[in-house]
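The values are calculated or read from the model by the stated rules, or taken from the named source; none is laboratory data. Source: prediction; values computed, not measured. Counting neighbours? That spans all protein chains shown, and the Cβs are built from the backbone with ideal geometry, glycine included.
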Amino acid sequence: MGSGSQQAHWDSVYAAKGETEVSWFQETPSPSLELLHLVARSSSAVIDIGGGESRLVDSLLAGGFENITVLDLSAKALAAARARLGDKGNKVKWIVGDVTEWRPSETYDVWHDRAAFHFLTDQNQQTAYIQRLQAALRPGGHAIFGTFALDGPEKCSGLPVTRYSAESLSVLLGADFVLIDSRHHEHSTPWQTVQRFQFSTFRRCA
Ligand SMILES: C[S@@+](CC[C@H](N)C(=O)[O-])C[C@H]1O[C@@H](n2cnc3c(N)ncnc32)[C@H](O)[C@@H]1O
């Protein structure tokens with residue numbers, strides 16, 4: 001799928017389904033928050049890649065974070081998240097775009113991605129993503145990835161995914177990124193099925 005058709009896919013998903021009707025919905029994104037709080041302070045510049053309608057941004061704002069960016073392919077998803085936040089949404093930088101084509105104009109202390117990277121099944125797209133990560137994450141900063149685990153689902157939202165262990169992700173990211181934390185997580189969908197995730201944190205070499 002090209003970038004335009006991917007965007008159309010995700011916009012149609014978010015147009016057709018309410019926030020709590022998608023398999024990836026979380027009332028509170030606890031695994032992400034636990035890992036974020038281990039490496040970030042409220043002054044940290046945090047970017048949520050493929051943030052969609054996630055409530056991570058709500059929790060970060062409630063925790064006093066003041067430098068938050070959310071990037072997603074879907075303008076519909078970001079508009080819905082922004083509307084949910086009301087005036088607080090004005091404190092967030094919202095970027096509509098494909099992460100694999102994005103040209104970062106600033107650097108971040110923390111890069112977070114839950115369930116976006118695993119949709120990149122093509123090696124060129126994965127390489128382009130990692131180039132953006134290298135351009136946007138400051139040396140000494142941290143990248144947190146939540147992806148389907150090796151025994152997780154093979155598809156999501158009708159699209160194929162690449163499944164990872166912390167170790168296979170580490171190999172893909174390369175020697176610049178040191179694995180400092182890895183966890184298994186069982187996500188309960190709104191219809192009570194279980195999806196196995198891995199969450200891992202990497203520190204970018206200074
Ligand atoms: C399964 S949803 C997860 C949303 C959110 N991270 C969460 O945890 O609720 C995947 C998200 O990744 C976004 N996405 C997929 N491919 C992308 C890309 N190449 N660039 C930016 N966003 C992308 C989709 O629009 C969608 O919002």
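With the requirement that a residue be part of a loop (DSSP other than H, G, I, E, B) and within 22 Å of A15 (Cα to Cα), what does segment 64-91 give you?
L73, S74 - these are the residues of segment 64-91 that are part of a loop (DSSP other than H, G, I, E, B) and within 22 Å of A15 (Cα to Cα).
Could we say that A115 is within 11 Å of the ligand (Cβ to nearest atom) and either within 16 Å of L36 (Cβ to Cβ) or within 14 Å of the chain's Cα centre (by Cα) (or both) here?
yes
Going through segment 122-151 one residue at a time, which ones are over 17 Å from F202 (Cβ atoms) and either within 11 Å of the ligand (Cβ to nearest atom) or touching a Phe, Trp or Tyr at 6+ places or on another chain (Cβ under 8 Å) (or both)?
Across segment 122-151, the qualifying residues are D122, Q125, A128, F148, L150.
Across segment 159-206, what is the number of residues that are under 16 Å from L120 (Cβ atoms) and outside any strand (DSSP E or B)?
Selection size over segment 159-206: 9.
Pull up segment 63-95, narrow it to residues that are more than 21 Å from F25 (Cβ to Cβ) and within 13 Å of the ligand (Cβ to nearest atom), then point me to the one that is farthest from the chain's Cα centre (by Cα).
I95
Taking the conditions exactly as written (without any contact (Cβ under 8 Å) to a residue 40 or more places away in the chain and either of a type in the set (K, R) or assigned to a loop (DSSP other than H, G, I, E, B) (or both)), does P104 satisfy them or not?
In short, yes.
Can you pull out every residue in segment 20-39 that is more than 9 Å from the ligand (Cβ to nearest atom) and outside any loop (DSSP other than H, G, I, E, B)?
T20, E21, S30, P31, L33, E34, L35, L36, H37, L38, V39 - these are the residues of segment 20-39 that are more than 9 Å from the ligand (Cβ to nearest atom) and outside any loop (DSSP other than H, G, I, E, B).
Suppose we filter S59, S42, S54 for residues that are small (G, A, S), modelled with pLDDT of 95 or more and not in a loop (DSSP other than H, G, I, E, B); which single one remains?
Going through S59, S42, S54 in turn, just one is small (G, A, S), modelled with pLDDT of 95 or more and not in a loop (DSSP other than H, G, I, E, B): S59.
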